[in-house]
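Please read the structure below before turning to the comments.
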Amino acid sequence: MTLIAHELRLLLRSRMVVLTLLLVASLSVAAVMAGMAEVARQRDVIARIQPKQAQDIASIAQWVDKTKDAGSAAYYSFHATWDAPAPLAFAALGLRDVAPYILRVRALGLEAQLYDGEAFNPELALPGRFDFSFVLVYLIPLFVIALFHDLVSGEREAGRLRMLDAIAGSARHLWSRRVLLRGGLLFVMLAVPLTIGAILSHVPGVTLVTVLGLMALYLAFWIGVTLLIGRLRWSSVANAATLAGLWLVLTLILPTIAHIAINQAIPVGQGVELTLAQRDAVNRAWDIPREDTMRAFYANHPEWKDSPPLTDAFHYKWYLAFHQVGDESVAPKVATYRRGIEARNAAAGHIGWLLPSVGVQSILARLAETDMQAQLAYQDRIRAFHKRLRTFYYGYLFTDKPFGKADFDKAPRFDARFDG
């Protein structure tokens, strides 16, 4: 214990070491605070949209009550869905920084609504917003290099290495103490802000321990790399330059090349292409006999086939029917798109076994429920809710049942716990 205390005093006499540790602590605190602020903002937006939703529905209900038209209610009513952030989301915002976490849907064709706002390629999203994951994966290796690149070479260049080996008696114990001390201080500077943020965010204990263990392994990897380079007996400058090059290759260049290779090996279109295909199918319905549309609709929804036949007048059941037929016409393309996204996501996960930076980021995003898997799960919940919504309105439209103000309260409401 006395030797460790002595090493600690020596370590803290170095301004560079103290500044490095303070900077790590500052970045960790800033990242945790920024993540928590963003999560709080998203929760606030989700909370505020529900009263707004109620106001919109009340206005529409007052108007629809005059005509009792279920089709007008279905057409003009938007229904809110949302994806609330998980407790650990503050540490790894992931796709929540670029993918929608709120979507208002109608009982019309869903595919166009899901992909209409897509303006990004989520599987290509790189480092992203400043959060704890960014600090850990991209910045901490640089601090490890700063603290460890001259651990031995610095003593050699100062002419103290032989003396230290002689005085210490066992050089292995001396360098082990110094490595553990520096690594331990780095870990503490990272772990304390994260733990405080996790407690305030009600992160489950098992999840927090998993993240801390992952963080320790990532630190150990980079410390091990610096120690291996140090064994080559190069100068401190050469060590630092080599390690900086390795950092660039392992955290930026190789992951980028890997993503490009995945995209080339697993071609996937854009969601907007599904939107256009669905809209083409919907628009085509205006140019073909309405009986053809209803025949195609009843083929997949026989429970409504006994609905009264259409007259020459416009009827919303035909309108909603051809929207659903439009969705069903692009279903194979949607399934192909989904499989492609999942295949890319799985391939990126396999790369994580080879590139620690990719692996750590992927695991953190999975634990925080901010990865592609979580985004697809949200889409599945929207699809389940949309099905309930359509079925609700079909019950009025295909039986010509009047739809009054009181019926708006009977409409299904999205529940993030059960839909999907």
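Would it be correct to say that Thr399 is polar (S, T, N, Q), in the same structural domain as Pro302 (by TED's automatic domain parsing), over 26 Å from Ala86 (Cβ atoms) and in contact (Cβ under 8 Å) with a residue 24 or more places away in the chain?
yes
Go through (1) under 30 Å from Phe143 (Cα atoms); (2) assigned to a loop (DSSP other than H, G, I, E, B) one by one and return the number of the condition Ala31 breaks.
All conditions pass for Ala31, except number (2).
If Val358 passes every condition in (1) within 30 Å of Val203 (Cβ to Cβ); (2) exposed (fewer than 12 other Cβ atoms within 10 Å of the Cβ); (3) among the aliphatic types (A, V, I, L, M) but one, which one does it miss?
Checking Val358 against (1) within 30 Å of Val203 (Cβ to Cβ); (2) exposed (fewer than 12 other Cβ atoms within 10 Å of the Cβ); (3) among the aliphatic types (A, V, I, L, M), the one that fails is (2).
Name the one entry in Ala281, Ala299, Ala346 that is over 30 Å from the mean Cα position of the chain (by Cα) and at pLDDT 90 or above. Reasoning before the result, please.
Values: Ala281 fails: at pLDDT 90 or above; Ala346 fails: over 30 Å from the mean Cα position of the chain (by Cα).
Exactly one of Ala281, Ala299, Ala346 is over 30 Å from the mean Cα position of the chain (by Cα) and at pLDDT 90 or above, namely Ala299.
Test Phe314 against the criterion of being in the same structural domain as Gln113 (by TED's automatic domain parsing) and either in a loop (DSSP other than H, G, I, E, B) or in contact with a Lys or Arg (Cβ under 6 Å, 6 or more places away or on another chain) (or both), and give yes or no.
Numbers: in the same structural domain as Gln113 (by TED's automatic domain parsing): yes; either in a loop (DSSP other than H, G, I, E, B) or in contact with a Lys or Arg (Cβ under 6 Å, 6 or more places away or on another chain) (or both): yes.
Criteria met by Phe314.
Out of the residues in the range 372-417 meeting the condition of being polar (S, T, N, Q) and in a helix (DSSP H, G or I), tell me which one is surrounded by the most Cβ atoms within 10 Å (Cβ to Cβ).
Just the residues of the range 372-417 that are polar (S, T, N, Q), to begin with: 373, 375, 379, 391, 399.
From what's left, in a helix (DSSP H, G or I): 373, 375, 379, 391.
Details: Gln373: 18, Gln375: 22, Gln379: 19, Thr391: 14.
Ranking the qualifying residues of the range 372-417, first place goes to Gln375.
Here is a check on your reading of the model: is Asp65 among the acidic types (Asp, Glu) and in contact with a Gly (Cβ under 6 Å, 6 or more places away or on another chain)? Break it down into steps so the answer makes sense when it comes.
Numbers: among the acidic types (Asp, Glu): yes; in contact with a Gly (Cβ under 6 Å, 6 or more places away or on another chain): yes.
For Asp65, the condition - among the acidic types (Asp, Glu) and in contact with a Gly (Cβ under 6 Å, 6 or more places away or on another chain) - is met.
Which one of these does Gly205 not meet: (1) of a type in the set (Gly, Ala, Ser); (2) under 28 Å from Ile351 (Cβ atoms); (3) surrounded by fewer than 14 Cβ atoms within 10 Å (Cβ to Cβ)?
So Gly205 meets the others, but not (2).
Would you point out the residue of the range 224-272, among those that are under 21 Å from the mean Cα position of the chain (by Cα) and farther than 30 Å from Thr336 by Cβ, that is surrounded by the most Cβ atoms within 10 Å (Cβ to Cβ)?
The qualifying residue surrounded by the most Cβ atoms within 10 Å (Cβ to Cβ) is Thr251.
Quick check on this structure: which one of Ala40, Ala47, Ala54, Ala58 is modelled with pLDDT of 95 or more, more than 30 Å from Ala146 (Cβ to Cβ) and surrounded by fewer than 16 Cβ atoms within 10 Å (Cβ to Cβ)?
Details: Ala47 fails: modelled with pLDDT of 95 or more; Ala54 fails: modelled with pLDDT of 95 or more; Ala58 fails: modelled with pLDDT of 95 or more.
Answer to the selection: Ala40.
Rundown of residues vs (1) in contact (Cβ under 8 Å) with a residue 12 or more places away in the chain; (2) buried (at least 18 other Cβ atoms within 10 Å of the Cβ), yes/no style:
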{"position": "Ala299", "(1), (2)": "no, no"}
{"position": "Glu303", "(1), (2)": "no, no"}
{"position": "Leu310", "(1), (2)": "yes, no"}
{"position": "His323", "(1), (2)": "yes, yes"}
{"position": "Tyr337", "(1), (2)": "yes, yes"}
{"position": "Ala343", "(1), (2)": "yes, no"}
{"position": "Gly349", "(1), (2)": "yes, no"}
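The values are calculated or read from the model by the stated rules, or taken from the named source; none is laboratory data. Since the structure is predicted, the reported quantities are computational estimates derived from the model, not experimental observations. Cβ sites come from the backbone with ideal geometry, for glycine too, and all protein chains shown count toward neighbours.
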